[in-house]
1. Among the residues of region B:124-138, which ones are under 20 Å from B:Pro52 (Cβ atoms) and surrounded by 17 or more Cβ atoms within 10 Å (Cβ to Cβ)?
2. Exactly one condition in (1) in contact (Cβ under 8 Å) with a residue 24 or more places away in the chain; (2) part of a helix (DSSP H, G or I); (3) more than 10 Å from the chain's Cα centre (by Cα) is not met by B:Val59; state its number.
3. Please work out if B:Ala54 is over 19 Å from B:Ile133 (Cβ atoms), aliphatic (A, V, I, L, M) and in a loop (DSSP other than H, G, I, E, B).
4. Counting only residues that are in contact with a Ser or Thr (Cβ under 6 Å, 6 or more places away or on another chain), part of a loop (DSSP other than H, G, I, E, B) and surrounded by fewer than 22 Cβ atoms within 10 Å (Cβ to Cβ), how many does region A:30-50 have?
5. Would you confirm, using the coordinates I've provided, whether B:Ser90 is at negative phi, of a type in the set (Gly, Ala, Ser) and either away from chain A (no Cβ under 13 Å) or touching a residue at least 60 places away in the same chain (Cβ under 8 Å) (or both)?
6. Could you pull out the residue among A:Ser56, A:Ser118, A:Ser102 that is more than 11 Å from chain B (Cβ to nearest Cβ), touching a Gly at 6+ places or on another chain (Cβ under 6 Å) and small (Gly, Ala, Ser)?
7. Checking the conditions here, which among B:Ser90, B:Ser118 is out of contact with any Ser or Thr (no Cβ under 9 Å at 6 or more places or on another chain) and either exposed (fewer than 15 other Cβ atoms within 10 Å of the Cβ) or assigned to a helix (DSSP H, G or I) (or both)?
8. Return a yes/no flag: does region B:137-148 have any residue that is within 10 Å of chain A (Cβ to nearest Cβ) and outside any loop (DSSP other than H, G, I, E, B).
There are 2 protein chains.
Amino acid sequence: MEYRPEEKFMKEAIRMAYLARGEGDYTIGALTVKDGEILSLGENRVKVDNDPTAHSEIVAIRRATQKVGSRHLEGTVLYTTHEPCPMCTSVAIWAKLDGIVSGTHIEDMDNYRKQNPSKEWLWRTINISPQYIVDHTEEELFLIRGFLREECLKLFHSM
Amino acid sequence: MEYRPEEKFMKEAIRMAYLARGEGDYTIGALTVKDGEILSLGENRVKVDNDPTAHSEIVAIRRATQKVGSRHLEGTVLYTTHEPCPMCTSVAIWAKLDGIVSGTHIEDMDNYRKQNPSKEWLWRTINISPQYIVDHTEEELFLIRGFLREECLKLFHSM
């Protein structure tokens, strides 16, 4: 059965993005959903935790695994305001997620970065799509991109 | 100046791999080196911590960032007994490492997995090389693979 993404979840991920900004970090948010309920929330914490792995997606997935007590999260979907980088997509595969729903496209991030260079934010991208990562595994991970993209694009302006 | 990998560091990474096995995890080890000294050690902890992100490379890098108090580790080299997956390579990029020295090749892991299927260990691979990841960034990360490969290959037999 095809997965139908829900606006309420992406809106909650957007709320987490603003929470990250409030703490002084990149305005990016994520969450995981299982059985139609939010399983875990994640806000970007790379700056506040001095942790290069603390993208909002990783924060949400790690919290979910700790909550469930398993490194595998079958039946779980990740929502993220920005299309995930290869690190986050790979973690979704290692964690056996069902799929990922994302807002802005990687190309949006790359374009914004080039148009708004900032040493303070060090906005960098790895230009490999989540689909490319998934295509090089034996996993069946669905990818829905551009969901509430216009609302997620607004987050760039508060980076 | 070209980086010359040192056997003593890979041997210490191999020791960390056996430490991981002793704790009941995958036999994979890593460490980071800065200014010719070990900065941090990492053992695979995915099973013992129920954490899909806890590859030995990530454990070593996160420990280094916590020790240094910065998410960026310029001038630091990662040693790992197995060629890193896209997650770990991406973290090396986000953390601004100088380079990665690895033992076995990804192809070695994939071949071993196919010849030794095991439900218990769930050995999976994402078949994308670290070089491919680096080539899709603007970073200059050196990659030295196959260092002490024969000794690292022996680790598979104690998975």
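1. Keep residues of region B:124-138 that are under 20 Å from B:Pro52 (Cβ atoms), which gives B:124-128, B:130, B:133.
B:Thr125, B:Ile126, B:Ile128, B:Pro130, B:Ile133 - these are the residues of region B:124-138 that are under 20 Å from B:Pro52 (Cβ atoms) and surrounded by 17 or more Cβ atoms within 10 Å (Cβ to Cβ).
2. (3)
3. On the way: over 19 Å from B:Ile133 (Cβ atoms): yes; aliphatic (A, V, I, L, M): yes; in a loop (DSSP other than H, G, I, E, B): yes.
Yes: the conditions hold for B:Ala54.
4. Residues flagged as in contact with a Ser or Thr (Cβ under 6 Å, 6 or more places away or on another chain), part of a loop (DSSP other than H, G, I, E, B) and surrounded by fewer than 22 Cβ atoms within 10 Å (Cβ to Cβ) within region A:30-50 amount to 1.
5. On the way: at negative phi: yes; of a type in the set (Gly, Ala, Ser): yes; either away from chain A (no Cβ under 13 Å) or touching a residue at least 60 places away in the same chain (Cβ under 8 Å) (or both): no.
In short, no.
6. Working: A:Ser118 fails: touching a Gly at 6+ places or on another chain (Cβ under 6 Å); A:Ser102 fails: touching a Gly at 6+ places or on another chain (Cβ under 6 Å).
On inspection, the qualifying residue turns out to be A:Ser56.
7. B:Ser118
8. Of the residues in region B:137-148, the ones within 10 Å of chain A (Cβ to nearest Cβ) are B:137-139.
Now narrow it down to the ones that are outside any loop (DSSP other than H, G, I, E, B): none.
No, region B:137-148 contains no residue that is within 10 Å of chain A (Cβ to nearest Cβ) and outside any loop (DSSP other than H, G, I, E, B).
No lab work stands behind these numbers, since they all come straight from the coordinates. The model shown is predicted, which means the values in this text are computed figures rather than measured ones. Counting neighbours? That spans all protein chains shown, and the Cβs are built from the backbone with ideal geometry, glycine included.
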